[in-house]
Number of protein chains: 2
Amino acid sequence: MKNYIQAEEWNIIEEGFDPHLNKISESLFSLGNGRMGQRANFEESYSGDTLQGNYVAGVYYPDKTRVGWWKNGYPEYFAKVLNAANWMGLSIKLDNEELDLNLCKVTDFRRQLNMKEGYLERSFTAELKSGKQVMVTAKRFFSIANDEVAALHYQFKTLNCSGKLSVSSFIDGDVKNQDSNYDEKFWDEVSRTQNESGSYLTMRTKKTEFEVITGVKTLVFKNNDQLQVTADPAVKDKYLAELVSVDIAEGELIDIYKIATNLSSQNLAPAELTEKAAEILNAAILKGFSALLEEQTAAWATKWEEGDIIIEGDIAAQQAIRFNIFQLNQTYTGKDARLNIGPKGFTGEKYGGSTYWDTEAYCIPFYLSTAPQEVSRNLLIYRYKHLEKAIENAQKLGFDKGAALYPMVTMNGEECHNEWEITFEEIHRNGAIAFAIFNYVRYTGDQVYLQEYGLEVLIGIARFWKQRVNWSDARQQYVMLGVTGPNEYENNVNNNWYTNTLAAWCLRYAAEAAAIVKKEDPARYAEIVKKTSLQEEEEFGAWKSVAENIYLPYDEEKGIFLQQDGFLDKEQTLVSELPVSQRPINQKWSWDRILRSCFIKQADVLQGMYFFEDNYDLESLRRNFDFYESRTVHESSLSPCVHSILAAKLNDGEKAYEFYLRTARLDLDDYNNDTEDGLHITSMAGTWMSIVEGFAGMRVRNGKLSFTPFLPEEWNSFSFNIGFRGVQLKVKVKKEEITIVNPAKELMDINIFSQLYNIPEGETVIAYKGLTV
Amino acid sequence: MKNYIQAEEWNIIEEGFDPHLNKISESLFSLGNGRMGQRANFEESYSGDTLQGNYVAGVYYPDKTRVGWWKNGYPEYFAKVLNAANWMGLSIKLDNEELDLNLCKVTDFRRQLNMKEGYLERSFTAELKSGKQVMVTAKRFFSIANDEVAALHYQFKTLNCSGKLSVSSFIDGDVKNQDSNYDEKFWDEVSRTQNESGSYLTMRTKKTEFEVITGVKTLVFKNNDQLQVTADPAVKDKYLAELVSVDIAEGELIDIYKIATNLSSQNLAPAELTEKAAEILNAAILKGFSALLEEQTAAWATKWEEGDIIIEGDIAAQQAIRFNIFQLNQTYTGKDARLNIGPKGFTGEKYGGSTYWDTEAYCIPFYLSTAPQEVSRNLLIYRYKHLEKAIENAQKLGFDKGAALYPMVTMNGEECHNEWEITFEEIHRNGAIAFAIFNYVRYTGDQVYLQEYGLEVLIGIARFWKQRVNWSDARQQYVMLGVTGPNEYENNVNNNWYTNTLAAWCLRYAAEAAAIVKKEDPARYAEIVKKTSLQEEEEFGAWKSVAENIYLPYDEEKGIFLQQDGFLDKEQTLVSELPVSQRPINQKWSWDRILRSCFIKQADVLQGMYFFEDNYDLESLRRNFDFYESRTVHESSLSPCVHSILAAKLNDGEKAYEFYLRTARLDLDDYNNDTEDGLHITSMAGTWMSIVEGFAGMRVRNGKLSFTPFLPEEWNSFSFNIGFRGVQLKVKVKKEEITIVNPAKELMDINIFSQLYNIPEGETVIAYKGLTV
C-alpha cells in the first residue's frame, strides 16, 4: 500500500519525483474519452522505467493464444487491446542535450489530474547533466466534447542558461504490446504524409486490418511569437516528426501546442481518413487550445451534474469516489454500441479483451443512474450484436438449436479466454447478461428494448441453460454439472447454487419476456419466432420444467443455501482464523489447496441473494451472509461491493463501510501492488454501488425509486446526483435523515424508509428515519 | 491406421520408399540400448520431412515452462529429454552432387529392424538428378553389450557411373528440440578435437551443465583397401567431420564403418571424458564391426531367453508382441538407478520428463518377470533417490512433517507438469509408487528392500495421505476433496473411489512395512525412526484411523463402487450409444462436455479392483466391470490392458482378446496417427501384461506363482519365458492346457487352474483345465 497521492476533493496530486512510483502514476493519471486514451507517460523522452500506452477503443488484434496444454474448444486467437501510436511525444534538446528526467536532477515535480475539468497537468524543474536548468509545465487532455481530438500545451523555460533549443514533435507508431504472446508487432505502416495542415501517420493492424490515422499539428511560440515548424528530416518507419530549432536566452519561454486527432476505419472508409483527419485538425487548431479546454470543462461539468457524489467530512473518501466516477466516465461514454468497458480501460493492456461479465453485473447499474439511458442501452445492444457469435460459440461446445453462450472475455464476440475451468465452465456470465436486460427494463421502464433486442438474447440464453442441465436419475431432478461459479476458488463443481438459481430465473424471465413482447407487439413477436425458429409450446414447457425441477442445494440444519454439492464436506474454518502470513491465499497457497479450502474469492451465494433479494427474507439473508462472508477472502476487487450492499441491508453500517473502504482507494493507494499495470476500472463501479445501493439503500421497485439510507459514522453527509426516467434527482443523506429534490415537472412517488412520499414538482422532501409521515 | 509394415516374426520390414511415411518409420525403426538411442533417421542428407532425434538417457534440460495462466505452485521449469548430437551423419557427394533421397528416384528401398539381433538395416537404389545410379546398404546398432558404443556400416556402390566420391562423416551438435518452448538451443560447445584416434565433440547443456562427448572414428574401404580419412577442413561451430575423397569406377564398392561412443559427465569427471572416449573407441575399432555385432546378437539372445513371448498361428500378433518387448528392452536395461522409462523412450521428444506413474503401474510387472531382479529394484531405487525432492514438492503445496508427493512427470525428481488438475490433483501416482514396492516384494520375496529403501518412501507417502484427507463434519468420515483419478476425463472431483481406496491401503501397508522392518532389523528401524522423526504411536494411530474411516462411495442399488461423488448424477449413456462420428471424444468434444459426460478415459474403479483383486469377489468385479467398461472409451493407450486382464478373470476370453488387440499393434499400425512423434513405450508393457496376467492368468500369491490360462481362439498356442525368484520358467499355453518347465534345482509349487502342482526339478508339467490332479 502506498500513500503518496495527496487527498484533495477534485484533484489527484503527486508532488516530488520518485521514479519508483512512475508506472503507478502513469496509470493513476491516465486520460481517456471513451474513444481513445493514454497512460500518463511523459511527453519528453524518458529512459527510466515506464509502460508506454496509447489505446484506441474497439481496435484489437487476435494474438495467437499461448497455453500450456491445449484443450479442445479453446479459441485459437486472443483478441487484445492494442497499444497504438503515441501522438504526444516530444524530443527536446538544449544544445544537443536531451531532456530526460531519468538523467536530470528533478525538483518541484508536480502532477495533477484535474477531475473536475478533465485534464492532466505536470510541472517540474530539471537540471541537466550540463548544469543547465529548465522549467516545464505541460497540460493535456482528451476531449469528451469532441472525442476525436486531444491536445497538449507544453511550456518550456530556461532558468540559468541560454542555448540552441530543438524540439522534435513526433508520432511514433512503432509500438508493441508488452504482453504480445510471440513478441510480434501488430501494426503495419500504411502511409506517412506531412503538409501544411499537419503530419499524418496511418497504420493498419495485421489480420484485423483496422486502419488508424494519427494526425498532429505542432505550433511553437517564443515569447508569444510563432516560430516556423518544419518536417523533421530524420525519418523512420512508422514514425514522423515536426521540428523546430531556436536560440533561447536565459529566462525565455517556449510554448508548444500539439493538437492531435485519431480516426479509425471503424467509423470511416480508409480512403477518407486523411482528408477527415486534416479537417478535424484544422477545425481544432482554429479553435485553439484554450477554447478546446473550455469545451472540455463544460462537458465534464455535465458529467458531474449527472453523476457526482459529494462526501462531507472525509476528503480521502471524497477524492476516491470522484476518482472512480471520473475513470469510469473516461472509459466509456456510451456513444458507440460496439464498445465496452475493458477491465483496465485506457490505462493498461493487461487482461486483453474489453468485456467481462463485470459490465453487466457492476457497470450497468452505475451508468443506468449516472448517464443518459442511451449509455446503458448501448451496453446491452453490444451483446445483442454478438448474439450470433455467442450461438457459434455454444455450437463449438456441442450445443445446438440456437443456444447461445456468451464468451467469458471478448472484444468482438469471440471467446478470448483459455482456462478450461473458466472459458467453458464459468457460464453464469450468461445469466448476468440476461439479468442486465431485466435490470435495465426495471430501471428505465423501456419495455420496447425487449421487443427490439432483448427477447432474442433471452431466447438464446434460455436455450443454453435448457441444454446445459441434465436429468439426474439418482436425484430425480435437473442438475448442472461441471461449472465454476463467481467464486473462482472452486472449479468444475456440480450444482453451484448461484448458477442453478440464475439459470432457473433466466428460463422463467425469457418466457415472461416472450409473453410481454407477444402482447405488446405481435408482429415483431412473430418475426422473432420465425427468426429463432422458436417452438413456443415445446420450448416454453421445457424451460418451465427445468426451472421448476432444478436442484438447488440447501442445508436444512444450518438454514443456508449450499454454494455447491459437497461444500459442507470441506474443512470449515473462518477467514478470521487464517494467519495474516497466509494471505492473500492466491499468492501463498498452491491452487489445489485453495480449491479444497472453504475460502471464497468473491460473493457467490450472496451474489444470487443480491440479484434476487425479494425472494429471500432478512433472516435467511443474515444466515447466509454470516456463513459465507466469514469464509470470504475478498481477493477479487469485485467482491466487497455486494457484501457492502448486503451488510447495509442487514443494518450493519459498520461492516458496510468497511467493505466500501476496501475498494474505494484500491488504485489510489495501490493496495494490491498492481496499479502500475493499469486501473481496476470495473470494480470502480462497485464502489459507486456501495454508496448508492448500500449506504443510500436505493432500489427500484414497481417503477418507483426507494431509499433506506444510513450515514457512515465517519462522514458528515453524502449526496449524489442520479438520473431516473428522465429526471435528475439530487439526494443528500445526513444522520438518520435524507433530503431529495424533485426537479421534475410532475409529482414523484418515492419510497423512503419504507414509506411512500409524494414529492411535488420542484419540491424538496426531507425524511427522517423512524418518523411516520 | 496404416498397414505398410510387413508381418514377420522377428523383423519389422518396410518395402518401398514413401516420404509420407518417413517420420512414422523413423519412430518404428528406432534403436536404443538403455543408455542412448536414436530415431531411424537416414545417415545421408535428407531434405524431406524428418524428425531428427538422438538422445542420451538422463541428460535433460530445464526448459522454461510455458503456460496460459499461471497457478501458484507450478514448476518454473520443465525438464526435457534433450535432442543430442547426431553421430551417424554422412554427407555423400558424387561429382559434387549430394545423395539425398528427397531429390532422387528411389527404388528397391527396404528398411528392416532385426529384433532378434538388435540392428537396423536399410538398402536402396537411387538415381540422382544427374542420372547416376547408386546402391546403398546401411546397417547400424546400439550395443547393449557395451552401452557406450554404437556402430554403422554403410556400403555404397555405383551402378551405371563413375566419378569422384566424397564422404564427409560428421558429428553434428548444433541441434535443438522441436518442442523447445522459447526456441532456445540447449547445448553449448565445450571442445572439438580431431586426432589419429578419432573426432571428438564435447557439448555442455546450459543450466544443468551435463557434458556429453561424442566420439567417432570413420574407416573407409574401397574394394577392401583402406582409404585415408582426414579431418574435414570445412569446420563449423558444434560440428566436425572426417573426410574422404576417392575416384570410384562403375560397380565399385565403398565400405564406410563408423564407430561411435557417447559418454556423459553423469558417469565420468568432465576432465576424463576425452581420454575415456578415445579408449573406448580404440577398443571398439580393434574389435571391429562384425565382432561388435556378434556381441550384440549374443546379448539380445539373452534378453529373448529371459522374456520372449511366442505366439503360434498369428504372425501379426507374434510380430507385435516381440516389437513391444524389443522396444521396452531398448528403452530401459535397469543398469542405472538414475534412469527411468520415458513414455517415448529414445524414439521422440514428446511429453518431456522421463517418468510417469506408468513405470510403477505398467512397466514394473514387465521387468519383474523378464529381466534380472536388479532391473525392477533399480526402478524402485530411482524413486527412493527422489524422496527428498518429493518431500520438497509436497512442502510447496502446503504439506509438512515429511509428507512426500512424487511428481506427476519428472526427470530429476522435480515436477515437470503444469496443468493444475493433474500436477496438483492426480495424486494417485503416489499410491502407485507404494503399490510397486508391495508388488516388487510380493514377486521377488526381497523383504530386505523394505529395510534399505522401501520403508522411508512408504512413510513419506503415508504422511501425505494423512494430511491430504480432511474430516467431514457433515459425513462424519474422512473425505478427499479435489483430486483427479486415473480417469483424466474428470477433474477436481471429490472422493475418487480409486484414490481413496489406494490411500487407505497405503496407510495400512506403510504401518505393516514398519512392523516388518522393526522385527527384521531393529537397528535399521531405529535409524529410520530417527531420520524421519517418526512418532510411531501417534502417526500409526492416525494412519489407522484414516484408513478405517475414509469414505468410499458405493451405490447400494447398483452394487457398484462410485468413481467419485455425484457420478450417478451424470447422464448415463453407454459408449455403444455414442455415434462413431463423435469419437474419439477428446478430438470431437470440448473439454467441459467430456468432463460432465459419464465417459471414462481409462480404468479407474477397475484399476483399483485390479490392484486389490483379492478384496473383491467375482460378482462384485463383474458388476463393476459391466458398469464401467461400457462407459469407457479407452482413449489412453494404457486403458485396454487392465480391462483385458479383468475380462480374462471374468472368463470373457473374447473381450480379453479384443482389448489386447487395441494396443498390441498401436504403433506398428499407427492407430492414432501419432506414431511419427515417437512410440508409446510404456503402454507396450501393458500389452505384455494382457498376455501374461490376462491370457495366462499369472499371479503371485503367498510367494507362489499361479496360472489360470486360456487361449485366444485365433491362436494355436502361446508361450513365454519369465524369471521368478532366480528360476527361468518356460510356460506354454494351448487350448485348455498349459505346460510349464521347471529348470530349477529344486521342486517348485505352482498353482494351475486353482490346483497346486509340485513340479520336481528339471521336470515338465502339463495341466489341463477342469482336470483334477
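The values are calculated or read from the model by the stated rules, or taken from the named source; none is laboratory data. These numbers were taken from a predicted model, which means no experiment stands behind them. Neighbour counts are summed over all protein chains in view; Cβ atoms, including those assigned to glycine, are modelled from backbone coordinates with ideal geometry.
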Inset, instruction - Tell me, please, whether a residue that is within 20 Å of B:GLY53 (Cα to Cα) and not aromatic (Phe, Trp, Tyr) can be found in segment B:126-137. - result: no
Legend entry - Tally, over segment A:430-444, of residues that are surrounded by fewer than 24 Cβ atoms within 10 Å (Cβ to Cβ) and within 14 Å of another protein chain (Cβ to nearest Cβ): 0
Legend entry - Qualifying positions in segment B:643-680 - polar (S, T, N, Q) and surrounded by fewer than 24 Cβ atoms within 10 Å (Cβ to Cβ): B:ASN651, B:ASN672, B:ASN673
Inset, instruction - Answer with yes or no whether B:GLU421 is in a helix (DSSP H, G or I), within 28 Å of B:SER30 (Cβ to Cβ) and either at pLDDT 95 or above or within 14 Å of chain A (Cβ to nearest Cβ) (or both). - result: no
Inset, instruction - Among residues belonging to segment A:590-617 that are under 21 Å from B:LYS71 (Cβ atoms) and away from every other protein chain (no Cβ under 14 Å), point out the one that is surrounded by the fewest Cβ atoms within 10 Å (Cβ to Cβ). - result: A:GLN602
Inset, instruction - May I ask you to verify whether B:ASP358 is surrounded by 23 or more Cβ atoms within 10 Å (Cβ to Cβ) and at pLDDT below 95? - result: yes
Legend entry - From B:ARG442, B:ARG468, B:ARG377, B:ARG463, residue being in contact (Cβ under 8 Å) with a residue 60 or more places away in the chain, of a type outside the set (Val, Ile, Thr) and closer than 19 Å to B:ILE341 by Cα: B:ARG377
Inset, instruction - Could you run through segment A:571-580 and say how many residues are under 25 Å from A:ASN673 (Cα atoms) and either in contact (Cβ under 8 Å) with a residue 24 or more places away in the chain or at the interface with chain B (Cβ under 10 Å from one of its Cβ atoms) (or both)? - result: 3
Inset, instruction - Taking B:THR347 as meeting all but one of (1) within 20 Å of B:ASP677 (Cβ to Cβ); (2) assigned to a helix (DSSP H, G or I), write down the number of the exception. - result: (2)
Inset, instruction - Taking B:THR663 as meeting all but one of (1) under 27 Å from B:GLU714 (Cα atoms); (2) hydroxyl-bearing (Ser, Thr, Tyr); (3) within 14 Å of chain A (Cβ to nearest Cβ), write down the number of the exception. - result: (3)
Inset, instruction - Collect the residues in segment B:379-394 that are charged (D, E, K, R) and either within 12 Å of chain A (Cβ to nearest Cβ) or over 26 Å from the mean Cα position of the chain (by Cα) (or both), keeping them in residue-number order. - result: B:GLU392
Legend entry - Only one of A:SER683, A:SER706 that is of a type in the set (Gly, Ala, Ser), within 28 Å of A:GLU654 (Cβ to Cβ) and touching a Gly at 6+ places or on another chain (Cβ under 8 Å): A:SER706
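Residue by residue, here is whether (1) within 13 Å of chain B (Cβ to nearest Cβ); (2) in contact with a Gly (Cβ under 8 Å, 6 or more places away or on another chain); (3) of a type in the set (A, V, I, L, M) holds:
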site	(1), (2), (3)
A:LYS396	yes, yes, no
A:LEU405	yes, no, yes
A:VAL409	yes, yes, yes
A:CYS506	no, yes, no
Inset, instruction - With the condition kept exactly as written, say whether any residue in segment A:366-374 is in contact with a Ser or Thr (Cβ under 9 Å, 6 or more places away or on another chain), surrounded by fewer than 23 Cβ atoms within 10 Å (Cβ to Cβ) and assigned to a helix (DSSP H, G or I). - result: yes
Inset, instruction - Please specify each residue of segment B:736-753 satisfying the condition of being outside any strand (DSSP E or B) and touching a strand residue (DSSP E or B) at 6+ places or on another chain (Cβ under 8 Å). - result: B:GLU736, B:ASN742, B:PRO743, B:ALA744, B:LEU747, B:PHE753
Legend entry - Matching entry among A:ILE560, A:ILE550 (being touching a Phe, Trp or Tyr at 6+ places or on another chain (Cβ under 8 Å), of a type in the set (A, V, I, L, M) and within 26 Å of A:SER636 (Cβ to Cβ)): A:ILE560
Inset, instruction - Name every residue in segment A:452-492 that is buried (at least 23 other Cβ atoms within 10 Å of the Cβ), aromatic (Phe, Trp, Tyr) and either in a strand (DSSP E or B) or more than 13 Å from chain B (Cβ to nearest Cβ) (or both), in order of residue number. - result: A:TRP465, A:TYR478
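Each row is one residue, and each column tells you yes or no for (1) of a type in the set (Lys, Arg); (2) in contact with a Ser or Thr (Cβ under 6 Å, 6 or more places away or on another chain); (3) within 17 Å of B:GLU26 (Cβ to Cβ).
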{"site": "B:LYS80", "(1), (2), (3)": "yes, no, no"}
{"site": "B:ALA84", "(1), (2), (3)": "no, no, yes"}
{"site": "B:TRP87", "(1), (2), (3)": "no, yes, yes"}
{"site": "B:ASP95", "(1), (2), (3)": "no, no, no"}
{"site": "B:GLU98", "(1), (2), (3)": "no, yes, no"}
{"site": "B:THR125", "(1), (2), (3)": "no, yes, no"}
{"site": "B:LYS132", "(1), (2), (3)": "yes, no, no"}
{"site": "B:MET135", "(1), (2), (3)": "no, yes, no"}
{"site": "B:PHE142", "(1), (2), (3)": "no, no, yes"}
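Considering segment A:201-226 alone, what residues qualify as being touching a Ser or Thr at 6+ places or on another chain (Cβ under 9 Å) and surrounded by fewer than 16 Cβ atoms within 10 Å (Cβ to Cβ)? Steps first, please.
As a first pass, look at segment A:201-226 and keep what is touching a Ser or Thr at 6+ places or on another chain (Cβ under 9 Å): A:201-204, A:209-218, A:220.
A:GLU209 - this is the single residue of segment A:201-226 that is touching a Ser or Thr at 6+ places or on another chain (Cβ under 9 Å) and surrounded by fewer than 16 Cβ atoms within 10 Å (Cβ to Cβ).
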Inset, instruction - Check whether at least one residue in segment B:244-256 is in contact (Cβ under 8 Å) with a residue 24 or more places away in the chain and touching an Asp or Glu at 6+ places or on another chain (Cβ under 7 Å), and report yes or no. - result: no
Legend entry - Boolean, A:LYS401 is facing another protein chain (nearest Cβ under 10 Å), surrounded by fewer than 22 Cβ atoms within 10 Å (Cβ to Cβ), among the charged types (D, E, K, R) and more than 24 Å from the chain's Cα centre (by Cα): no
Legend entry - Members of segment A:103-115 found to be within 31 Å of the chain's Cα centre (by Cα), aliphatic (A, V, I, L, M) and not in a loop (DSSP other than H, G, I, E, B), listed by number: A:LEU113
Legend entry - Breaking point among (1) more than 14 Å from every other protein chain (Cβ to nearest Cβ); (2) closer than 30 Å to B:PRO584 by Cα; (3) of a type outside the set (Phe, Trp, Tyr), for B:GLN535: (2)
Inset, instruction - Please verify whether segment A:723-732 includes one or more residues that are at pLDDT 95 or above and surrounded by 23 or more Cβ atoms within 10 Å (Cβ to Cβ). - result: no
Inset, instruction - Filter segment A:103-137 for residues that are acidic (Asp, Glu) and touching a residue at least 40 places away in the same chain (Cβ under 8 Å) and give the result. - result: A:GLU117
Inset, instruction - Examine segment B:581-589 for a residue that is touching a residue at least 40 places away in the same chain (Cβ under 8 Å), within 14 Å of another protein chain (Cβ to nearest Cβ), crowded, with 18+ Cβ neighbours inside 10 Å and touching a Pro at 6+ places or on another chain (Cβ under 7 Å), and state whether such a residue exists. - result: no
Inset, instruction - Specify which of the listed residues (A:LYS730, A:LYS735) is over 20 Å from A:LYS344 (Cβ atoms) and without any contact (Cβ under 8 Å) to a residue 24 or more places away in the chain. - result: A:LYS730
Legend entry - Count of residues meeting criterion [touching a residue at least 60 places away in the same chain (Cβ under 8 Å) and either in contact with a Gly (Cβ under 6 Å, 6 or more places away or on another chain) or in a loop (DSSP other than H, G, I, E, B) (or both)] in segment B:224-238: 5
